[in-house]
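Working notes for the structure below.
The values are calculated or read from the model by the stated rules, or taken from the named source; none is laboratory data. Because the structure is predicted, anything quoted here is derived from the model rather than measured. Backbone-built Cβ (ideal geometry, glycine too); neighbour counts: all protein chains shown.
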Amino acid sequence: MKYREQRTDYAVYRFKHQFAGVLCIQNADETGEGTQAILHRCLWSEDIQPYIAEETFDTYATENKIEHYRVNLEQGDLYFFNTRCIHEVPPVKGTRARIVLAVFIGYSPDDDEIYVWS
């Protein structure tokens, strides 16, 4: 909300840091495995945005040796990540609906309030 999307009309905009949490309730395949997200070891910046907009970030990441991690959750797993990390959610593949609960957390070191929404 704050950096990439610049959505100043949301209350969470005032917080410097924003994190996301995802709880896997049901995977799309029956083995209980499946990539829920791909996180890149690269924070969003205005310099990175053109690669995202042009859908060439994968090439940029390869050329710049940016590491990535596939988040393969089993049912009941919960993970949190910094939303400024470049991340993507691959298409759902499987015989069942993937069901997740997402929560977002905003905070600033100089603010006593923490903002949580889902």
Revision key, fill the gap. Among (1) surrounded by 12 or more Cβ atoms within 10 Å (Cβ to Cβ); (2) part of a strand (DSSP E or B); (3) at pLDDT 90 or above, Tyr60 falls short only on (2)
Revision key, fill the gap. Expected output for the range 68-97 (first residue in contact (Cβ under 8 Å) with a residue 24 or more places away in the chain and within 11 Å of Ile38 (Cβ to Cβ), partner of a type in the set (A, V, I, L, M) and assigned to a loop (DSSP other than H, G, I, E, B), Cβ below 9 Å, 6+ apart or cross-chain) is Ile86/Ile48; Ile86/Ile66
Practice item. Give me a count of the residues in the range 76-108 that are of a type in the set (Ser, Thr, Tyr) and farther than 16 Å from Ile25 by Cα. Key: 3
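Yes or no, residue by residue, for (1) over 23 Å from Leu101 (Cα atoms); (2) out of contact with any Phe, Trp or Tyr (no Cβ under 6 Å at 6 or more places or on another chain):
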{"site": "Gln26", "(1), (2)": "no, yes"}
{"site": "Thr35", "(1), (2)": "no, yes"}
{"site": "Leu39", "(1), (2)": "no, no"}
{"site": "Ile52", "(1), (2)": "yes, yes"}
Check your understanding: When you go through (1) part of a loop (DSSP other than H, G, I, E, B); (2) surrounded by 11 or more Cβ atoms within 10 Å (Cβ to Cβ) one by one for Lys93, which number turns out not to apply?
Key -> (2)
Practice item. Please find, among Gly76, Gly106, the residue that is loosely packed, with under 13 Cβ neighbours inside 10 Å and of a type in the set (Gly, Ala, Ser). Key: Gly76
